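Asker: To start, I am sharing the structure in question, which I have written as structure tokens.
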Amino acid sequence: MALIRLLQRKPDGAIVFREPISDHVPAYAILSHTWGKEEVTLQDVETNVATSKTVSKAGWAKIQFCADQAAADGLQYFWVDTCCIDKKNAVELGAAINSMFRWYQNATRCYVYLSDVSKSDNGTGGESAWEEAFRTSRWFTRGWTLQELIAPRLVDFFSIEGQRLGNKLSLAAAIHEVTSIPEKALRGDVLSSFSIRERRSWAERRNTTIEEDGAYCLIGICSVAMVLNYGEGREHAFRRLEKEIHTLCKGMDFEQYTVRFNLSSFPKAAQFVAREQELSKMHELLYGHSNRAAVVLHGLGGIGKTQLAIEYVRRHKEKHTAIFWLNANNENSLQLSFRGIAQQVLRSHPSTRVLSSVDLDGELDRVADAVKVWLDLQGNARWLLIYDNYDNPRISNNSDHLTVDIRQYLPESDQGSIIITTRSASVAEGRRLYVQKLIRLEDGLKILANTSRREGIINDPSARELVSKLDGLPLALSTAGAYLEHVTDSFTEYLRLYEASWLELQTTSPTLSSYEDRSLYTTWQVTFDRIRQQNAASAQLLTLWAYFDKQDVWFELLQNARSMDDKWIQKLTENKLSFNKAVRLLCEYGLAHLEPFTSQASRSTGYGVHSCVHSWTMSVLNREWDDGLARVALTCVASKVPSRDADKWWLLQQRLIQHVARHRQFITNGNMNVDGLEWALHNLGDFCADQGRLAEAEAMYDRALQG
């Protein structure tokens, strides 16, 4: 930080310079203002005497005000930018601009002198008149005053007469209204908790006299330093600013490891509400560490863990060179996620040696190992991995093939950042952060208002009662909102349907012991009943979905279901138009979604359902095992297993991995009658053999031979 040159008010009122100092800087006040035509410069006061010529300048009144106010606050030293920097010295000016944010930050008090706001009561409105002038003050439109508002801890606002108007905290609501700067930033939240994009947005409506200053005034706000080059132009100055930001956040070699952010690989995010405390804690745990940082978000299904991870990424993505989303539901989904990462890296860096030599369409274990080698490269330390849905962790002595040991899929080097979302409280691969239900009723009302697109519900007693019944569960609130968006029912009418379904659920599913599961399942049942009225094929599709994996169901996969003696399934699979109509209705009501990343092998888009919804389709819609639906689903999956002679057969196989795994589980556990489906078992054996899973292939062949 550059040396700071302070002014000193002597006991007799004289104002003199104190020599530039760096160590043991005394407590000082600092002035914030807008420049006028007759400002007092360093050269005007360098004789340490307030001459008549200097005092006669209009700018002297501000200096005198700052000196007097500082004295009133017990401070004899103060700083004013007009006369405490030698602007004719380019080196000193550059050092001062790079240090100015910290000078304001270190000041004991900051006085904002508003030359266009008067508090004198001349009969034209008094208090309300100055408040209107305050909101329209030129001070809020200038680029340099942004850091002067944000950096100091104590900021007092004064009128042109020197009368106190209030401070940054007491006027926070009005300042937020004028500037759109979040009140928590005005109250002192650390700047690193706000994304660079958000911080830059605070200056979008501000102006500077010199065009390059539009970038230079953000040096402190963005926590960087850069050499000033007046004459380079605004665009070039901003390009240099962005490069300094990237270097600060991502390291010197950031370009070598930067991978373009792929939004399509992320789950679709609903409008985010609340969770500011959790986001702040995540940032504290994940950012600014020299070694590996990991956070485990654990909590109930449907509580909003995935949404929280998405919001963290949205706010802080510029601090990472690469961000990758992995589906940690099982080993197959993890391996496919690593294959997707390899493709992303190679699109940005085609000549990356550790990945370009690997056959991405070959063994997925080798692909995952190669990606981990790339993540472990020295210098590649600013990546972020999100392992979502790690709900089946492998516990010691548990050999269940559906569980996952995530340690095998973590990079080995002590670098980078990791977020894991899970329902399990036993996952210990990072600092655990428990995601609770939404506590405040107002937060639940926001979700309900956003998803239902209904305004003015804050005081609706039925809306408030519904939010209370849904017990702070974001997924249940979103489902109820999605239903209400598509109907004209009032909240009172929805409550009646909800309570009727709740009572029915108690009778039909007495094993559901938790209030949370009952709340979720009841909202889905209300929505399901509505869907069944509108399109029975949509309802039957959701019932059939229980016998497929929750991810990636597409039209061609279901075509062989036409053989089933069910008119609605026949209608559903009649043609692609009928399928799209049925699945679109499920999406509109929030029970299904478009898959964020569908294999390039597909000519059809895949759809998925939330893991909680999938559990409900099995435990409620299919509370009694339906062998007919299970056999149809097995027929659909086995019929799609490609021969090795087919074009790009391995790509279709990757799409079927999850569905085959689900049916192997059904068959191994003896859930379904496979008489007459020996050909399907043989196809599953071929599939497992092609995947290199020879023990599983042998088991399928044995079952087929038994028939």
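Asker: What are the residues in segment 324-334 that are open to solvent by 10 Å² or more (accessible area, probe 1.4 Å) and at pLDDT 90 or above, if any?
Answerer: Within segment 324-334, W325, N327 meet the criteria.
Asker: Which members of segment 187-234 meet the condition of being under 22 Å from the mean Cα position of the chain (by Cα) and hydroxyl-bearing (S, T, Y)?
Answerer: Within segment 187-234, S192, S193, S195, S201, S223 meet the criteria.
Asker: Also, quick follow-up: Show me the helices (runs of 4 or more DSSP H) found entirely inside segment 631-707 where at least 3 residues are modelled with pLDDT of 90 or more and closer than 22 Å to L558 by Cα.
Answerer: 649-668, 678-690
Asker: State the number of residues belonging to segment 184-197 that are open to solvent by less than 60 Å² (accessible area, probe 1.4 Å) and closer than 24 Å to K317 by Cβ.
Answerer: 7
Asker: Picking from S118, S128, which residue would you name as being at pLDDT below 95, in contact with a Phe, Trp or Tyr (Cβ under 8 Å, 6 or more places away or on another chain) and open to solvent by 10 Å² or more (accessible area, probe 1.4 Å)?
Answerer: After applying the criteria, what remains is S118.
Asker: Still on this structure, I have one more. Give segment 140-155 a look and list any residue that's surrounded by fewer than 21 Cβ atoms within 10 Å (Cβ to Cβ) and either over 27 Å from A215 (Cα atoms) or acidic (D, E) (or both), or say none.
Answerer: none
Asker: Name the pairs: first residue in segment 126-151 and more than 16 Å from A96 (Cα to Cα), second residue assigned to a helix (DSSP H, G or I) and open to solvent by 30 Å² or more (accessible area, probe 1.4 Å), Cβ to Cβ under 8 Å, at least 6 apart or on different chains?
Answerer: R135/E177; R135/V178; F140/V178
Asker: Now, a different point. Name every residue in segment 462-507 that is within 13 Å of Y521 (Cβ to Cβ) and either open to solvent by less than 20 Å² (accessible area, probe 1.4 Å) or among the hydrophobic types (A, V, I, L, M, F, W, C) (or both), in order of residue number.
Answerer: Of everything in segment 462-507, those that are within 13 Å of Y521 (Cβ to Cβ) and either open to solvent by less than 20 Å² (accessible area, probe 1.4 Å) or among the hydrophobic types (A, V, I, L, M, F, W, C) (or both) turn out to be L470, L473, L475, A476, T479, A480, Y498, S501, W502, L503, L505.
Asker: Check K550 against each of (1) over 31 Å from the mean Cα position of the chain (by Cα); (2) part of a loop (DSSP other than H, G, I, E, B) and name the one condition it does not meet.
Answerer: (1)
Asker: Residue by residue through segment 199-235, note down the ones that are out of contact with any Asp or Glu (no Cβ under 8 Å at 6 or more places or on another chain), of a type outside the set (S, T, Y) and open to solvent by 60 Å² or more (accessible area, probe 1.4 Å).
Answerer: Answer for segment 199-235, where residues must be out of contact with any Asp or Glu (no Cβ under 8 Å at 6 or more places or on another chain), of a type outside the set (S, T, Y) and open to solvent by 60 Å² or more (accessible area, probe 1.4 Å): R200, E204, R205, N207, I210, E211, V227, E235.
Asker: List the pairs whose first member sits in segment 457-475 and is in a loop (DSSP other than H, G, I, E, B), whose second member is open to solvent by 70 Å² or more (accessible area, probe 1.4 Å) and aromatic (F, W, Y), and whose Cβ atoms are under 8 Å apart, counting only residues at least 6 apart or on separate chains?
Answerer: D471/Y515
Asker: Which one of these is out of contact with any helix residue (DSSP H, G or I) (no Cβ under 6 Å at 6 or more places or on another chain), exposed (fewer than 12 other Cβ atoms within 10 Å of the Cβ) and modelled with pLDDT of 90 or more: K62, K10, K53?
Answerer: K10
Asker: If the Cβ limit is 7 Å and pairs must be 6+ apart or interchain, which residue in segment 484-498 that is free of Cβ contacts under 8 Å to residues at least 60 places away in the same chain pairs with which residue that is of a type in the set (D, E)?
Answerer: Listed pairs, sorted by first residue: F491/D460; L495/E465.
Asker: Next question. Where residues in segment 13-50 are open to solvent by 70 Å² or more (accessible area, probe 1.4 Å) and at pLDDT 85 or above, which of them is nearest to S115 (Cα to Cα)?
Answerer: W35
Asker: Determine the pairs where a residue that is over 25 Å from R102 (Cβ atoms), located within segment 28-47, has a partner that is at pLDDT below 95 and open to solvent by less than 20 Å² (accessible area, probe 1.4 Å) with Cβ atoms under 8 Å apart, the partner being 6 or more residues away or on another chain.
Answerer: Partner pairs satisfying both residue conditions: G36/G59; E38/G59; D44/T54; D44/C83.
Asker: When the residues of segment 664-700 are narrowed to those that are free of Cβ contacts under 8 Å to residues at least 24 places away in the same chain and open to solvent by 70 Å² or more (accessible area, probe 1.4 Å), which ends up farthest from E331 (Cα to Cα)?
Answerer: H682
Asker: In addition: Identify, from the list L503, L544, L484, the residue that is over 14 Å from W616 (Cα atoms) and over 28 Å from the mean Cα position of the chain (by Cα). I'd like the intermediate steps shown before the answer.
Answerer: Working: L544 fails: over 14 Å from W616 (Cα atoms); L484 fails: over 28 Å from the mean Cα position of the chain (by Cα).
Unique residue meeting the criteria: L503.
Asker: May I pose another question? So is T421 closer than 29 Å to T668 by Cβ, outside any loop (DSSP other than H, G, I, E, B) and in contact (Cβ under 8 Å) with a residue 60 or more places away in the chain or not?
Answerer: It is true that T421 is closer than 29 Å to T668 by Cβ, outside any loop (DSSP other than H, G, I, E, B) and in contact (Cβ under 8 Å) with a residue 60 or more places away in the chain.
Asker: Right, here's the next one. Scanning segment 423-445 for residues that are acidic (D, E) and open to solvent by 20 Å² or more (accessible area, probe 1.4 Å), which turns out nearest to K281 (Cα to Cα)?
Answerer: Our first condition is that a residue be acidic (D, E); within segment 423-445, this holds for 429, 442-443.
With the extra rule that they be open to solvent by 20 Å² or more (accessible area, probe 1.4 Å), the set shrinks to 429, 442.
On the way: E429: 17, E442: 22 Å.
Ranking the candidates gives E429 first.
The values are calculated or read from the model by the stated rules, or taken from the named source; none is laboratory data. Bear in mind the structure is a predicted one, so any value in this text is a computation, not a measurement. Methodologically, a virtual Cβ is constructed for each residue, glycine included, from the backbone with ideal geometry; neighbour enumeration extends over all protein chains shown. Each accessible area value is taken on the protein alone, full model and side chains, heavy atoms only, with ligands, DNA and RNA left out. Shrake-Rupley method; radii C 1.70, N 1.55, O 1.52, S 1.80 Å.
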